[in-house]
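One structure below.
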Amino acid sequence: MLTILNPFIMLLLLIALGGYLYKTKLLTLDFCRTLSRLVVKVTFPAMLFLSMYKNVDLATLRQGWIFTAIGLGTSILLAITAHFSAKIFGLRGMTYGTYQILCTNGNNIFLPVPIISALFGAPYVVYAVLFELGAGSFYWSYGVSNFRSGRRLSLKRLMNLNMFSLFLGLILGLAELQIPSALFGAMEILGNITVGSAMLIIGALVVNLFERRLKIRPEVWGVVVHRLVLSPLVGVIALAFVPFVRSGELETILLVMMSMPPLVTTALVASSFNADEELAAMGVVIPTLLSFLLLPIFLWLR
């Protein structure tokens, strides 16, 4: 049980530190917004690139392509259901876009990588990366377009830095091209900043929400249903049609990936695009805290 809890305790400690730093004024909301832009535009692209470059080769892709397909397919399905549930809540404009992106894509790197590594070993982390290849492709193309006015998709919008990093890392990894060791090391240092920064920001957002005593908005529960109920249900259904994923480890990894709360960077991206920052903060914080309670129970039962 302690092995299961270790990754969650580690991340909770970072979140608690972020809350403490906010209370002591070492972190402010303005600084968090600036740090958010740094994470979204610099450190997260470096992390995406290295995730693909280090972990994916042709053999791995042939073996685990189904994770990529399910990641992409689930994102599309949840985008459709989120469109209709947003109408029930009467959401429009940036609030609609923020809700859509919260419901659509999970925290497929920050949270599952330490969990999978602790439970099954580093070689299994590649399946989280392959899942993110599908889900992340949707998130950084159609997903973030919800934060912009005008046409949802265009070639210009598809060519954002995160999409470029995702596919450049994939192409170089598949081609087995070596990049200079100094460049690799520098990007690794940058990428390693991402998780810690994101958790500190989440901690600051948690305390800020408590200080403001905001009521939980109804649409937040729509996000919870999409991410922690509908998405895992899709995973259970998918497993019925994908027999070669039914080994103990791969089945558990797929269900873990499908049970992730919204991507932490959604709160960061929302502040970068002047979207509905309040909904983004609530929609990330509340499902994340709920998942920290539910996921260990699920893993322990399995």
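Data overview
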{"quantity": "Residue count for segment 177-227, restricted to those that are among the acidic types (Asp, Glu) and touching a residue at least 12 places away in the same chain (Cβ under 8 Å)", "calculated": "2"}
{"quantity": "Selection count, segment 19-45, where residues are within 14 Å of Gly136 (Cα to Cα) and either more than 20 Å from the chain's Cα centre (by Cα) or of a type outside the set (Phe, Trp, Tyr) (or both)", "calculated": "2"}
{"quantity": "Qualifying position, being more than 20 Å from Leu172 (Cβ to Cβ) and of a type outside the set (Val, Ile, Thr), among Leu102, Leu50, Leu58", "calculated": "Leu102"}
{"quantity": "Qualifying residue in segment 247-268 (condition: more than 21 Å from Leu111 (Cα to Cα) and assigned to a helix (DSSP H, G or I))", "calculated": "no"}
{"quantity": "Flag for Ile76 being touching a helix residue (DSSP H, G or I) at 6+ places or on another chain (Cβ under 8 Å), in a helix (DSSP H, G or I) and surrounded by 17 or more Cβ atoms within 10 Å (Cβ to Cβ)", "calculated": "no"}
{"quantity": "So Leu48, is it closer than 22 Å to Phe131 by Cα, touching a residue at least 60 places away in the same chain (Cβ under 8 Å) and part of a helix (DSSP H, G or I)", "calculated": "yes"}
{"quantity": "Pick from segment 84-128, criterion outside any helix (DSSP H, G or I) and touching a residue at least 12 places away in the same chain (Cβ under 8 Å), ranking: surrounded by the most Cβ atoms within 10 Å (Cβ to Cβ)", "calculated": "Gly106"}
{"quantity": "Hits in segment 1-45 (condition: assigned to a loop (DSSP other than H, G, I, E, B) and surrounded by fewer than 18 Cβ atoms within 10 Å (Cβ to Cβ))", "calculated": "Met1, Thr24, Lys25, Leu26, Thr28"}
{"quantity": "Qualifying residue in segment 43-62 (condition: touching a Leu at 6+ places or on another chain (Cβ under 7 Å) and under 23 Å from Phe8 (Cβ atoms))", "calculated": "yes"}
{"quantity": "Breaking point among (1) surrounded by 14 or more Cβ atoms within 10 Å (Cβ to Cβ); (2) free of Cβ contacts under 8 Å to residues at least 60 places away in the same chain, for Ala59", "calculated": "(1)"}
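Each value in this text was obtained by applying a stated rule to the coordinates, not by laboratory testing. The model shown is predicted, which means the values in this text are computed figures rather than measured ones. Note that each Cβ is placed from the backbone with ideal geometry, even for glycine, and that neighbours are counted across all protein chains shown.
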